[in-house]
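As structure tokens, the structure follows; a few thoughts come after it.
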Amino acid sequence: MEGLKDISHLKPLARQLTDADRLRKVIQELINTEKSYVKDLSCLFQLYLEPLQTETFLTQDEMESLFGSLPEMLDFQKVFLETLEDGISSCCDFSTLETPSQFRKLLFSLGGSFLYYADHFKLYSGFCANHIKVQKVLERAKTDNTFKAFLDARNPTKQHSSTLESFLIKPVQRVLKYPLLLKELVSLTDVESEEHYHLTEALKAMEKVASHINEMQKIYEDYGAVFDQLVADQSGTEKEVTELSMGELLLHSTVSWLNPFTLLGKTRKELELTVFVFKRAVILV
């Protein structure tokens with residue numbers, strides 16, 4: 001028939017994602033990337049941390065700078081992943097849910113995991129703050145042939161994703177990724193719903209964690225050299241304080257010294273100092 005065009009060669013338009021599809025996609029991203037992250041942490045231990053225990057080219061302080069609280073972080077992340085997977089497992093019709101409201105039980109479970117474990121993520125504060133030290137230790141590989149040979153042997157194909165440096169940045173990236181994923185989940189729920197409020201509280205908790213980590217990084221940038229020097233300056237075979245890391249910091253604040261000492265016969269005015277309370281020491285700067 002005249003005037004009709006053959007359109008059989010045209011591809012059908014892709015089905016537009018519904019809000020339920022988008023929710024499912026974000027949840028799957030959360031679970032899948034969490035699995036990958038735990039796998040990466042395990043690889044970091046098997047490829048680098050465990051073999052380094054028997055080597056002698058890094059000092060104990062350098063080992064602490066590189067790995068710090070990683071053992072505790074890995075144990076925690078395995079438990080956290082398990083709680084996320086339990087939430088998915090309890091939702092037997094996850095792949096067929098059609099409306100955001102049908103995700104209610106699952107979203108409460110996921111949000112609850114973040115709320116329950118939010119304080120545990122502060123484990124990351126010391127590790128993230130120490131990342132400045134990590135760069136300095138890794139710089140040694142450029143001049144230390146033994147260290148360089150060790151790293152090359154663990155990554156013979158020279159894949160960037162398998163380098164020690166790449167593995168060590170993953171915890172920093174991961175803990176700061178959680179608020180972004182939660183924000184997406186919040187945006188896909190009805191603002192009047194209970195799950196929206198619940199996820200918003202989880203988001204606030206993880207944003208607070210991210211803020212705490214950033215604050216610890218800033219403190220270490222400003223005072224880390226002072227803390228390290230105080231530890232190094234201790235005399236004797238047994239040091240009273242062996243560590244002043246951000247993971248050990250309990251609180252910090254500004255204080256006024258009401259009865260300052262006299263200097264050169266002159267009474268000094270009231271001093272304003274910054275106090276840092278660690279688990280094993282109190283430092284005034």
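Any read-out appearing in this document is the output of simple, stated calculations on the displayed coordinates, not a laboratory observation. Just so it is clear, the structure is predicted and the values come from calculations on it, not from any experiment. Methodologically, a virtual Cβ is constructed for each residue, glycine included, from the backbone with ideal geometry; neighbour enumeration extends over all protein chains shown.
Out of curiosity, is A118 under 21 Å from F45 (Cβ atoms), among the aliphatic types (A, V, I, L, M) and either surrounded by fewer than 18 Cβ atoms within 10 Å (Cβ to Cβ) or within 15 Å of the chain's Cα centre (by Cα) (or both)? Before you say what the answer is, go through the steps one by one.
On the way: under 21 Å from F45 (Cβ atoms): no; among the aliphatic types (A, V, I, L, M): yes; either surrounded by fewer than 18 Cβ atoms within 10 Å (Cβ to Cβ) or within 15 Å of the chain's Cα centre (by Cα) (or both): yes.
Judged against the criteria, A118 is not a match.
Suppose we filter segment 184-209 for residues that are part of a loop (DSSP other than H, G, I, E, B) and hydrophobic (A, V, I, L, M, F, W, C); how many remain? Steps first, answer last, please.
Just the residues of segment 184-209 that are part of a loop (DSSP other than H, G, I, E, B), to begin with: 188-193.
Next cut, hydrophobic (A, V, I, L, M, F, W, C) only: 188, 191.
Number satisfying all stated conditions: 2.
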Just checking, which of H131, H160 is under 30 Å from L52 (Cα atoms) and crowded, with 16+ Cβ neighbours inside 10 Å?
-> H131
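Kindly evaluate L58 against the criterion of being within 30 Å of K158 (Cα to Cα), surrounded by 17 or more Cβ atoms within 10 Å (Cβ to Cβ) and in contact (Cβ under 8 Å) with a residue 60 or more places away in the chain.
Details: within 30 Å of K158 (Cα to Cα): yes; surrounded by 17 or more Cβ atoms within 10 Å (Cβ to Cβ): yes; in contact (Cβ under 8 Å) with a residue 60 or more places away in the chain: yes.
So L58 passes the test.
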Answer residue from segment 163-194, given it is of a type in the set (A, V, I, L, M, F, W, C) and over 17 Å from K25 (Cα atoms) and is surrounded by the fewest Cβ atoms within 10 Å (Cβ to Cβ) among those | V191
Among the residues of segment 41-90, write down those that are more than 30 Å from S109 (Cα to Cα), of a type in the set (D, E) and either under 18 Å from the mean Cα position of the chain (by Cα) or in a helix (DSSP H, G or I) (or both).
-> E50, D61, E62, E64
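Taking the criterion of being touching a residue at least 12 places away in the same chain (Cβ under 8 Å), in contact with a Cys (Cβ under 7 Å, 6 or more places away or on another chain) and either under 24 Å from T200 (Cβ atoms) or of a type in the set (S, T, Y) (or both), would at least one residue in segment 89-109 satisfy it?
Yes; the residues of segment 89-109 include at least one that is touching a residue at least 12 places away in the same chain (Cβ under 8 Å), in contact with a Cys (Cβ under 7 Å, 6 or more places away or on another chain) and either under 24 Å from T200 (Cβ atoms) or of a type in the set (S, T, Y) (or both).
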